[in-house]
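Asker: Let me give you the structure first, and then I'll get to my questions.
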Amino acid sequence: MKVLVVGGAGYIGSHTVYELIKDNQEVIILDNLSSGYKELVHPKAKFYLGDIKVKSDVENVFKQEKIDVVMHFAAKLIVPESVKEPLAYYYNNVEGVRVLLEVMNEHNVKKFVFSSTAAVYGEASGVCQEDMITKPINPYGETKLACERMISWVANAHDFKFVIFRYFNVAGADESLKIGLMKDQLTHLIPLAIQGIIGIRDHLTIYGNDYPTKDGTCVRDYIHVSDLASAHVLGAHYLFEGGKSETINLGSSQGFTVLEVAQAVNEIAPLKVVIGPRRDGDPAELIASNEKAQRILKWVPKYELKDIVLSDYNYRKKISNR
Ligand code: UDP
């Protein structure tokens with residue numbers, strides 16, 4: 001397969017490129033490097049600098065490459081930023097996908113793997129099934145849901161086939177430690193907790209311990225980025241082999257509280273924890289049912305919480321003096 005990875009210089013995109021190359025696929029990357037890094041680009045991938053919102057940039061790639069499957073990772077994804085700058089999110093996340101789909105259609109490329117998010121479920125609490133009502137509570141989730149719907153209408157009109165993946169909480173780094181989540185992109189629990197044990201911050205603030213959960217802190221479903229990336233490879237094969245369009249959660253079907261995550265980090269080195277107020281918009285418990293991913297793609301995550309935490313620790317230690 002020749003796979004175009006849009007956003008292949010970013011965190012999840014670069015890990016997917018690594019898994020595709022391990023699977024001996026040919027990889028083309030299109031990235032505008034707005035939040036990606038040239039150093040995350042796999043040396044065996046062919047790189048085009050360009051923006052999916054600029055039609056000529058996308059056309060340039062499709063004119064030169066005979067693409068079989070497109071994967072999209074080129075989204076803005078910081079929730080508080082999306083609340084402050086909704087138009088920038090609609091422009092980048094929705095218009096970018098619209099242009100990409102238009103060019104794909106014009107070049108008769110009709111297989112699409114799209115990164116979506118658990119944020120489409122909004123304040124749903126508990127175990128999320130794919131057929132649950134979607135009700136985002138921030139512009140980030142809204143733009144992803146708008147894309148999901150756009151993709152499905154395009155599929156209806158133009159015989160496209162898609163796999164939409166809804167991600168839960170992603171962390172960790174490729175075992176080579178050549179790629180990972182960079183220092184300036186940290187807003188999530190695991191990397192922040194790891195920074196608390198490698199001398200970059202002196203404690204972790206836990207946002208609220210009065211939720212209706214077993215220890216009062218929020219429950220989330222954590223998944224290793226390489227497991228997530230492997231699911232994309234399976235998704236591409238599935239479409240290539242004629243699979244029908246599907247929307248699929250990627251998580252572990254298992255929840256951990258923030259305190260349990262802090263405890264897993266504390267097992268590597270002592271972590272100081274401070275209890276702070278709740279953060280706006282945090283549902284008490286979000287867990288993915290991954291039954292559908294197992295059934296349709298035969299995908300089972302390999303890594304457990306302790307592996308994810310250790311992987312993130314190893315990467316953060318490696319880049320801490322850069
Ligand atoms: N969290 C926390 N302290 C932090 C960062 C996150 O207590 O410094 C909590 C957050 O309130 C949520 C969970 O950890 O309950 C996961 O948050 P994260 O931002 O990693 O991902 P989200 O679930 O919001 O996508």
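Asker: Give the percent of DSSP beta bridges with both residues in the chain that are antiparallel, rounded to the nearest 5. Can you show the working numbers first?
Answerer: Details: 2 of 41 bridges.
Given both bridge residues lie in the chain, the antiparallel proportion sits at roughly 5 percent.
Asker: Let me ask something else about it. Compute the separation of the alpha-carbon centres of segment 284-317 and segment 159-216 and state it in Å as a whole number.
Answerer: So the separation of the two Cα centres works out to 12 Å.
Asker: Report, please, the projected area of segment 120-180 averaged over directions, based on the convex hull of its C-alpha atoms, in nm².
Answerer: Numbers: hull surface 24.7 nm².
Directional mean of the projected Cα hull area for segment 120-180 stands at 6.2 nm².
Asker: Please state the Cα pair-distance histogram of segment 118-266 with 10 angstrom bins from zero: what percent is in each bin?
Answerer: That works out to 10, 31, 35, 18, 5, 0, in percent per bin.
Asker: What translational D, rounded to a whole number of µm²/s, comes out for the chain from Stokes-Einstein when the hydrodynamic radius is the Kirkwood one over Cα pairs, at 25 °C and 0.890 mPa s? Provide the component values of the computation, followed by the final result.
Answerer: Values: Rh = 19.9 Å.
D = 123 µm²/s.
Asker: So, one more: Using θ = phi - 60° and the Karplus form 6.51 cos²θ - 1.76 cosθ + 1.60, what ³J(HN,Hα) does each residue of segment 7-18 get, whole Hz, x for Gly and Pro?
Answerer: Values per residue, Gly and Pro as x: x, x, 9, x, 5, 6, x, 5, 5, 5, 4, 4 Hz.
Asker: Separate question: For segment 150-207, what is the Kirkwood estimate of the hydrodynamic radius, computed as the reciprocal of the mean inverse distance between distinct Cα atoms, to one decimal in Å?
Answerer: Values: mean 1/r = 0.0677 Å⁻¹.
Computed over Cα pairs of segment 150-207, the Kirkwood hydrodynamic radius comes out at 14.8 Å.
Asker: Would you mind getting the accessible area per residue of the chain, heavy atoms of the protein chains only, 1.4 Å probe, in Å²?
Answerer: Numbers: 14070 Å² over 322 residues.
Accessible surface, normalised per residue, equals 44 Å².
Asker: Let me ask something else. With each label point set 7 Å from Cα along the Cα-Cβ vector, what nm distance links Ile275 and Gln64?
Answerer: Taking the simple label geometry, Ile275 and Gln64 are separated by 5.7 nm.
Asker: Rg and Dmax of segment 44-91, Cα atoms, in Å?
Answerer: In Å, with Rg to one decimal and Dmax whole: 13.9, 39.
Asker: Out of all DSSP beta bridges with both ends in segment 137-259, state the antiparallel percent to the nearest 5.
Answerer: Numbers: 2 of 10 bridges.
Around 20 percent antiparallel, to the nearest 5.
Asker: Quick one: which residues, 5 or more positions from Met71 or on another chain, have an amide H under 5 Å from its amide H? H modelled 1.01 Å from N in the peptide plane, none for Pro or chain starts.
Answerer: Leu4, Val5, Val6, Val113
Asker: If amide hydrogens are placed 1.01 Å from N in the peptide plane, which non-local residues have theirs closer than 5 Å to the one on Val273?
Answerer: Residues meeting the amide H criterion: Leu204.
Asker: Pop out the ³J(HN,Hα) list for segment 115-128 in order, Karplus 6.51 cos²θ - 1.76 cosθ + 1.60 with θ = phi - 60°, rounded to Hz; leave Gly and Pro as x.
Answerer: Working through the residues one at a time gives 8, 10, 8, 4, 4, 5, 7, x, 8, 3, 10, x, 8, 8 Hz.
Asker: Pairs to check: Lys111/Lys135; Lys63/Lys244; Lys110/Lys178; Lys2/Lys292; Lys135/Lys292. Give those whose C-alpha atoms are more than 29 Å from each other in this structure. Intermediate results must be reported in sequence, preceding the final value.
Answerer: Numbers: Lys111/Lys135 27 Å; Lys63/Lys244 27 Å; Lys110/Lys178 32 Å; Lys2/Lys292 26 Å; Lys135/Lys292 21 Å.
Pairs exceeding the cut-off: Lys110/Lys178.
Asker: Across every pair of different alpha-carbon atoms, what Kirkwood hydrodynamic radius in Å does segment 3-137 reach?
Answerer: Numbers: mean 1/r = 0.0636 Å⁻¹.
Every distinct Cα pair counted, the radius reaches 15.7 Å.
Asker: Output wanted: per-residue J couplings in Hz (rounded whole) for segment 143-151, from phi through Karplus 6.51 cos²θ - 1.76 cosθ + 1.60, θ = phi - 60°, x for Gly and Pro.
Answerer: In residue order, the calculated couplings are 5, 5, 5, 4, 5, 3, 5, 4, 4 Hz.
Asker: With Cβ to Cβ distances under 9 Å as the rule, what net charge do the other residues near Ile28 carry (K, R +1; D, E -1)? Provide the component values of the computation, followed by the final result.
Answerer: Working: positive: Lys2, Lys46; negative: Glu26, Glu65.
Charge balance in the 9 Å sphere: 0.
Asker: Just the number: Rg to Rh for segment 228-311, Cα atoms, Kirkwood Rh, two decimals.
Answerer: On the way: Rg = 16.7 Å, Rh = 15.4 Å.
Result: Rg/Rh = 1.09.
The values are calculated or read from the model by the stated rules, or taken from the named source; none is laboratory data. As the structure is a computational prediction, the values presented were derived from the model and not from experiment. Glycine also receives a Cβ, built like all others from the backbone with ideal geometry; neighbour counts cover every protein chain displayed. Each accessible area value is taken on the protein alone, full model and side chains, heavy atoms only, with ligands, DNA and RNA left out. Shrake-Rupley method; radii C 1.70, N 1.55, O 1.52, S 1.80 Å.
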